[in-house]
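Worksheet: the structure to be examined is printed underneath.
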Amino acid sequence: STQYEYILTSAPEPGVQLITLNRPKALNALCSPLFAELNTALEAADKDDAVGAIVITGSEKAFAAGADIKEMKDKQFSDVYKNRFLEDWANLSKIRKPVIAAVSGFALGGGCELALMCDIILASPTAKFGQPEINLGVIPGGGGSQRLASLIGKSRTMEMVLTGRMISAQEAEKWGLVSRVVPEGEGEVVKEAVKVATEIASKSQIAVQAAKEVVNAAYELNLAEGLRFERRIFHGLFATDDQKEGMAAFAEKRKPNFTHS
Ligand code: CO8
């Protein structure tokens, strides 16, 4: 597979692309070249018919400790504005296939925001989420304030963003920031994420992408628009072979053989 400097890619199961952030000396701080590699790997996986779902993980110690502070510290407004500094982080939210974050250790600042841009977050009991930008004299810039507010509510978001306090995996689960905390153990959260990804990869890719699209619409549209959008996409799926196959297989009491068409 492609050689990268800051990430590792592998296919732990058929249909699953695993991307491991691999900048251990800096706790996976998200320098620009790391994010460029991540985007390249994500876009390749999105185009690859053999991939049904993607898992992003870091190390046991850190999912990612944020944007690279040393890279940022001397930048001027004119640099960051004109050069659209870190704007390409948003490319992740354009990926059509499901992306699962498997989080152990620190997920701070841009690292927390990276997890929030994924579709499902699974956490190890060691995971710590935080938006510590306030301690650096800035604020979240990768969507943290907006995504947290819609996920965990105003008071909790304000506490995180105004104090910079890290929250535990258990708090994150209780608050609905993550879907669940997996049992402790080295590598457990990645194993579980790969299991979920494998399950998703066994479905019709068209239905999966449509499902992701309509759930995401709930965060952008009002209820009436969202309901109409969901119904239209639902109707549209009757034009696919996978709908015919899925429903025929049920009626014939057999497993469906989806062709993603
Ligand atoms: N950037 C650069 N280097 C880092 C970062 C970082 N975010 N985090 C850790 N490192 C480096 C350290 O400098 C250190 O390097 P060295 O060995 O050369 O001194 C190495 O990683 C190990 O770190 P520590 O020695 O500090 O490890 P500890 O276990 O003592 O502490 C912490 C771990 C608590 C995670 C600590 O490293 C820390 O506080 N890191 C910074 C966390 C932070 O403030 N993150 C937010 C950054 S700002 C941001 O993310 C803005 C996002 C904007 C997105 C905009 C998109 C459009």
Sorted by chain and number, the residues with a modelled amide H under 5 Å from that of GLY58, at a separation of 5 or more or across chains, are LEU21, SER104
Between THR259 and GLN76, the FRET efficiency computed from the C-beta separation at R0 = 51 Å comes out, to the nearest 0.05, as 0.45
Using the structure shown, select from LYS25/LYS97; LYS75/LYS97; LYS94/LYS174; LYS25/LYS70; LYS47/LYS203; LYS47/LYS212 the pairs with a Cα to Cα distance greater than 23 angstrom.
LYS25/LYS97; LYS75/LYS97; LYS94/LYS174
On a full-extension model of 0.36 nm per residue, what is the gain between LEU8 and GLN146, subtracting their alpha-carbon distance, rounded to one decimal in nm?
46.7 nm
Expressed in µm² per second, the diffusion coefficient of the chain from the Stokes-Einstein equation, with Rh the Kirkwood radius over alpha carbon pairs, at 10 °C and 1.306 mPa s, is 82 µm²/s
For the range 205-251, what ratio Rg/Rh do Cα atoms give with a Kirkwood hydrodynamic radius?
1.06
With a 1.4 Å probe and all protein chains in place, put PHE77, PHE129, PHE250, PHE85 in order of accessible area, largest first.
PHE250, PHE77, PHE85, PHE129
In terms of Cα to Cα distance under 17 Å, which aspartates and glutamates are near enough to LYS82, apart from those fewer than 8 places away along the same chain?
GLU71, ASP74
Any residue on another chain or 5+ positions along whose placed amide H is under 5 Å from the amide H of ALA29 is listed here as ALA65
Let me check something: with ligands and nucleic acids excluded, how do ARG156, ARG84, ARG231 order by accessible area (1.4 Å probe), largest to smallest?
ARG84, ARG231, ARG156
Where does the chain land at 222 nm, in deg cm²/dmol rounded to the nearest 500, when only DSSP H runs of n ≥ 4 count, each adding -39500 (n - 2.57), divided by all residues?
-12500 deg cm²/dmol
Stretch LYS244-GLU184 to full length: gain in nm at 0.36 nm per residue minus the Cα-Cα span?
17.4 nm
State whether the range 39-82 is rounded, prolate or oblate according to the following rule on the C-alpha gyration tensor (a ≥ b ≥ c being the square roots of its eigenvalues): a/c under 1.5 gives rounded; otherwise a/b larger than b/c gives prolate, and the remaining case gives oblate.
oblate
If the label point sits 7 Å along Cα→Cβ of LEU223, residues of the range 166-181 with amide N under 13 Å come out as none
Report the GluC sites (Glu not before Pro) located in the range 199-252 that are in a DSSP loop and have at most 12 other Cβ atoms inside 10 Å of their Cβ, or state none.
GLU220, GLU252
Please compute the volume of the convex hull spanned by the alpha-carbon atoms of the range 48-116 and report it per residue in Å³.
107 Å³
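The values are calculated or read from the model by the stated rules, or taken from the named source; none is laboratory data. Owing to the predicted nature of the structure, the values given are computational and were not obtained by experimental measurement. Every residue, glycine among them, receives a Cβ derived from its backbone with ideal geometry; neighbour counts consider all protein chains shown. Keep in mind that these areas ignore ligands, DNA and RNA; they rest on the heavy atoms of the full protein, side chains included. Shrake-Rupley method; radii C 1.70, N 1.55, O 1.52, S 1.80 Å.
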